[in-house]
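Some notes on the structure that comes next.
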Amino acid sequence: MIKVKLVLIFSLFILATACKKQQSEANWLARVNDRLITVDEFRLFYELDPNFGVNSSGLPALKTELDRMIDQHLALILAKERGLLKEPPIKRAIQWEKRQAVLRAYYRTKIGQNIHIEQADLRKAYVQRNEQVYLRHLFTKDEKMAQKWFKELKKDSSLFRRFARQAFHDSILAKNGGVLGWLPIAELDEALAKGVDTLRQGQISRPIRTRWGYHIVQILNRKKPAIFREDEFLKQQPLLEKWLRRKKGLALSQKFIAQTIGRLNPQPDPQLFLKMWLAIKGDNNLEKMQLTREHALTSPLLEKIRRAMKNDLASPFIHFKGGSVSLAAFLGLLQEIPLTQRPRFKTPRELSLQLAKIFRDDYLYRQALKEGLDSDPQVLAELQRFKENQLYYYFVNEIVDTLKIPAVVVRYFKTNDQTAIDQFPEITKFHTLQEWQFNKAEQILHQRLRRSAPEIEIDVQKLQEENKRINWDRPIRMFMIRKPS
């Protein structure tokens, strides 16, 4: 009987795997050697990019994005051939992303089953999310640029139109001052929706960080839905459920984390933490503990701490219920974190809170490994996409660093010398020399990657269907949840 059950379970597993594989293969949009790119993968890829670049709309824009996705896979192959995945900075970045993907999977397993969405919740969310706002916005991937715009706009809000011309390739937004028109809050990215919800009419937001970059928005007007439309509610129901699941999931995650921390009660050793802080400060003045500027735990600073506390490296630094972590082990953990993700601080409290978060994530990561979540299919897929993306931009930046820029191009961006247009007609699509350089580097990389003669097959019909699905007339298409035209 047991043998029959095992055979049945195994057969069902094989059948489910085969069905999933057939479904994936039936939904493929492109083949690159032995790699299948599905429609869903591609949709997620291009929706994470807020600007299609030179081909800013239509089928050419989608084809450009698909080419970029294919090139990212080819870049990973090239990186493996050159042994780049063994380079310490790249290896560290990949390991960090793996930890984050495993943690996300851990939260899904612990919290997902506790998320329940009722019909009443969906209807309430529909009313809340369908308040409409008339707004304009700016976008940049550069945090410093966003902060600069915000600082200038606080002095003179009329600069919004000028900054919009700098911000957008999209001719509609560049010409109309970034005005997006009337939009339901439900269609905005969640971080944007949250930021918009706190603004008064006419108020300009601080830079709002989303997965794409930094946004500055201004609410020009608001209006609530006049009636509850059942047909529109049914259309939005899948998206509303997704939004509610994410919202409830975040709340449950925070509760789960708080319970975990409360149970473990991790605390840095007071004397060792004081020694660490004084080593960071570089003096023994206990009256003035705050730093004059923000610091990051760079590798030289970590080495400075090691030297100053060489006699304490074996001592317990983090105490928690059931154990402790030595100073040497904790400094080693910090060293493995990519520089951009390491703690930044000006006060002892800020550093202490961030060290506690690092301990928490490391503890939960180890728990997740015990459950084998590093082999979770979604974790592996997320890690694959991260590698492809990172190595692609590694090669792009490598080309940018060595790219020779024609003098006529430099003059165009510095003095608006129009003679460059005859030789480089696409130059009018770019607002800065850096954008032009980056685009040129992508073109060069594209040519290099295709020289390896990879086997590439694209389902043109599916690409055309995807193009029909998008309403290209909507000026903010990349910052909203798309709906079929």
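Please treat every number below as a calculation from the coordinates, not as lab data. A quick note: this is a predicted structure, and the numbers were derived from the prediction, not measured. Positions of Cβ are backbone-derived with ideal geometry, glycine not excepted, and every protein chain shown enters the neighbour counts.
On the beta carbon distance between H446 and I421, with R0 = 22 Å, the FRET formula returns roughly 0.45.
Using Cα centres only, tell me the gap between the stretch 238-285 and the stretch 82-155 in whole Å. The stretch 238-285 and the stretch 82-155 have Cα centres separated by 18 Å. Rounded to the nearest 500, the 222 nm mean residue ellipticity of the chain from helices alone is -19000 deg cm²/dmol, with -39,500 (n - 2.57) taken per DSSP H run of at least 4 residues. Normalising by residue count, the stretch 131-223 has a Cα convex hull of 86 Å³ per residue. If you plug the beta carbon distance of R246 and R92 into 1/(1 + (r/R0)^6) with R0 = 45 Å, you get a FRET efficiency near 0.95.
Estimated at 0.36 nm per residue, the fully extended path between R222 and I405 surpasses their Cα-Cα distance by 61.2 nm. Between N265 and K194, residue separation times 0.36 nm minus the direct Cα-Cα distance comes to 22.4 nm. Amide H contacts under 5 Å for R136: L180, Q218, L220, restricted to partners 5 or more places along the chain or on a different chain, H placed in the peptide plane at 1.01 Å from N. Each peptide in 341-349, 285-293, 445-453 gets a packing score, the mean of other Cβ atoms within 10 Å over its residues, and the list from highest to lowest is 341-349, 445-453, 285-293.
Expressed in Å, the radius of gyration and Dmax of the Cα atoms of the stretch 72-147 are 21.3, 56. Label 7 Å along Cα→Cβ of N114; the stretch 252-280 residues with amide nitrogen under 20 Å? Only 252-266 pass the distance filter. Candidate cross-link partners of K124 among the aspartates and glutamates, defined by an alpha-carbon separation under 20 Å and a same-chain spacing of 8 or more, comprise E187, D189, E190, D197, E230, D231, E232, E241.
Neighbour counts of other C-beta atoms within 10 Å: give me K148, K110, K370 arranged from fewest to most. Mind dumping the intermediate values first?
Numbers: K148 14, K110 17, K370 7.
Least crowded to most crowded, the residues run K370, K148, K110.
For Rg and Dmax of the Cα atoms in Å, one of [x] 26.4, 93; [y] 54.8, 194; [z] 25.8, 84 was computed from the structure I shared and the rest are decoys. Which label? The value computed from this structure is option [z].
Between L239 and E336, residue separation times 0.36 nm minus the direct Cα-Cα distance comes to 31.1 nm.
Ignoring aspartates and glutamates fewer than eight residues from K429 along the same chain, the ones with Cα atoms less than 16 angstrom from its Cα are D170, D417, E442. Using the Cβ-Cβ distance between S299 and F256 with R0 set to 30 Å, the FRET efficiency from 1/(1 + (r/R0)^6) comes to roughly 0.35.
Tell me, what is the Rg over Rh of the stretch 305-386, with Rh the Kirkwood radius over Cα pairs? Mind dumping the intermediate values first?
Details: Rg = 15.2 Å, Rh = 14.8 Å.
Radius of gyration over Kirkwood radius for the stretch 305-386 works out to 1.03.
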